[in-house]
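The values are calculated or read from the model by the stated rules, or taken from the named source; none is laboratory data. Keep in mind the model is a prediction, meaning the values are calculated, not measured. Note that we place each Cβ from the backbone using ideal geometry, even for glycine, and neighbour counts take in every protein chain shown.
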């Protein structure tokens, strides 16, 4: 593998985060970011907190070999949604700062998974998991919007 994969992945991840943010804003506009629209499923805010938490741990781990799993403060589950969105933006800013420091070797080296339930392998597998998890949860957001009678954002508009 060469650095082209890393650059390609970064572009795809940024585009997907833009889409996820658009779904979050649509649910905020519908006053439904905290609604469990489907019984038994989590609210979109809870899904966002999971997405951001995985991102924070993986990027910090690859950049600094610090693999502590720290849950995001519980207060973000109930604070004004703008505060929670600011947390997500700050985590993404930190990812943008750290991404260039992550070596291709760090992403390709096999290692045991530091977290139960996460895929074995290495950086490529873990980042793919993080991206697929985000896409999966964003899809839930699209369903929530449809069930609320709202038109979801176009999924092919990938940039700001």
>> So, residue 98, is that one part of a helix (DSSP H, G or I) and either crowded, with 18+ Cβ neighbours inside 10 Å or in contact with a strand residue (DSSP E or B) (Cβ under 8 Å, 6 or more places away or on another chain) (or both) or not?
In response: no
Pairing a residue in the stretch 137-152 that is on the phi < 0 side of the Ramachandran plot and touching a residue at least 60 places away in the same chain (Cβ under 8 Å) with any residue that is in a loop (DSSP other than H, G, I, E, B) and loosely packed, with under 13 Cβ neighbours inside 10 Å, where Cβ atoms lie under 9 Å and the two sit 6 or more apart in sequence or on different chains, gives 140/38; 143/38; 144/38; 145/151; 147/38
**Message:** Given the criteria crowded, with 17+ Cβ neighbours inside 10 Å and in contact with a helix residue (DSSP H, G or I) (Cβ under 7 Å, 6 or more places away or on another chain), does residue 61 qualify?
**Reply:** no
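Every residue, every condition in (1) in contact (Cβ under 8 Å) with a residue 12 or more places away in the chain; (2) surrounded by fewer than 17 Cβ atoms within 10 Å (Cβ to Cβ); (3) in contact with a strand residue (DSSP E or B) (Cβ under 8 Å, 6 or more places away or on another chain), yes or no:
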| position | (1), (2), (3) |
| --- | --- |
| 67 | yes, yes, no |
| 70 | yes, yes, no |
| 79 | no, yes, no |
| 83 | no, yes, no |
| 90 | no, yes, no |
| 93 | no, yes, no |
| 118 | no, no, no |
| 122 | yes, no, yes |
| 125 | no, yes, no |
Being under 16 Å from residue 135 (Cα atoms) and either at pLDDT 95 or above or outside any loop (DSSP other than H, G, I, E, B) (or both) narrows 47, 87 down to just 47
So, first residue touching a residue at least 40 places away in the same chain (Cβ under 8 Å) and at positive phi in the stretch 43-61, second residue surrounded by fewer than 22 Cβ atoms within 10 Å (Cβ to Cβ) and not in a helix (DSSP H, G or I), Cβ within less than 8 Å, six or more apart or across chains; the pairs are none
Flagged in the stretch 145-160 as closer than 12 Å to residue 27 by Cβ and more than 18 Å from the chain's Cα centre (by Cα), in numbering order, are 145, 146, 147, 148, 150, 152
Residue 33 fails exactly one of (1) assigned to a helix (DSSP H, G or I); (2) modelled with pLDDT of 95 or more; (3) crowded, with 16+ Cβ neighbours inside 10 Å, namely (1)
Out of (1) surrounded by 13 or more Cβ atoms within 10 Å (Cβ to Cβ); (2) under 18 Å from the mean Cα position of the chain (by Cα); (3) without any contact (Cβ under 8 Å) to a residue 12 or more places away in the chain, the one residue 111 does not meet is (2)
